[in-house]
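Chemist: Let me give you the structure first, and then I'll get to my questions.
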Amino acid sequence: EVMEAGEVVKDPNLTLAEVARVVQSNEKYVSKAIAQFAKMNFNHYINYYRTIEARKILMDPEDTSSITEVMLGCGFGHKSTFYGAFRRFAGMTPSQFRTVAHRGDADTIEPILDSMTETMTDSTTAAR
């Protein structure tokens with residue numbers, strides 16, 4: 001729930017210690033919980049939620065932010081990390097995603113959105 005709220009992940013200096021403090025737990029437990037339920041490490045987990053935030057911005061046809069502005073606004077500090085995470089979770093670059101989303105090509109964008117959502121849903125459901 002903390003990650004889904006969005007604001008925590010936008011901090012580019014976010015650490016496992018900070019997340020543990022926010023959820024009132026310890027680092028070891030939080031790390032283990034992420035690995036068990038999300039089936040990914042802490043950095044991938046945070047970057048997953050950051051890409052969800054970026055996706056929301058990139059889909060907005062009224063938004064005129066550059067890709068770099070989106071990257072920084074979502075908490076990514078490095079372009080390579082942003083592009084790598086976005087490719088991992090969306091299967092394309094942020095620029096490609098924006099183009100497809102603005103084109104209104106539902107047949108292309110819906111499977112991407114579904115797969116990004118299923119990444120987390122499948123892993124948390126399987127762990128229960």
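Chemist: Can you pull out the residues in segment 9-22 that are out of contact with any Asp or Glu (no Cβ under 8 Å at 6 or more places or on another chain) and at pLDDT below 90?
Modeler: Once the filter is applied, which keeps residues that are out of contact with any Asp or Glu (no Cβ under 8 Å at 6 or more places or on another chain) and at pLDDT below 90, segment 9-22 yields only Val22.
Chemist: Is it the case that segment 56-64 has a residue that's closer than 18 Å to Glu7 by Cβ and surrounded by 19 or more Cβ atoms within 10 Å (Cβ to Cβ)?
Modeler: no
Chemist: Follow-up. Any residue at all in segment 73-93 that is open to solvent by 60 Å² or more (accessible area, probe 1.4 Å) and at positive phi?
Modeler: yes
Chemist: I'd like to check something: does segment 59-80 contain any residue that is part of a helix (DSSP H, G or I) and at pLDDT below 95? Walk me through how you get there before you give the answer.
Modeler: Of the residues in segment 59-80, the ones part of a helix (DSSP H, G or I) are 59, 67-73, 79-80.
Restricting the remaining residues to those that are at pLDDT below 95 gives 59.
Within segment 59-80 (the criterion being part of a helix (DSSP H, G or I) and at pLDDT below 95), the answer is yes, since at least one residue qualifies.
Chemist: Being part of a helix (DSSP H, G or I), under 13 Å from the mean Cα position of the chain (by Cα) and exposed (fewer than 15 other Cβ atoms within 10 Å of the Cβ), is that true of even one residue in segment 20-34? Show your work before the answer.
Modeler: So the first thing to find is which residues in segment 20-34 are part of a helix (DSSP H, G or I), and the list is 20-22, 27-34.
Keeping just the survivors that are under 13 Å from the mean Cα position of the chain (by Cα) gives none.
No, there is no match, as no residue in segment 20-34 is part of a helix (DSSP H, G or I), under 13 Å from the mean Cα position of the chain (by Cα) and exposed (fewer than 15 other Cβ atoms within 10 Å of the Cβ).
The values are calculated or read from the model by the stated rules, or taken from the named source; none is laboratory data. Keep in mind it's a predicted model, so treat the numbers as computed, not measured. Note: ideal-geometry Cβ built from the backbone for every residue, glycine included; neighbour counts use all protein chains shown. Areas reflect the complete protein model, heavy atoms only, side chains present, ligands, DNA and RNA absent. Shrake-Rupley method; radii C 1.70, N 1.55, O 1.52, S 1.80 Å.
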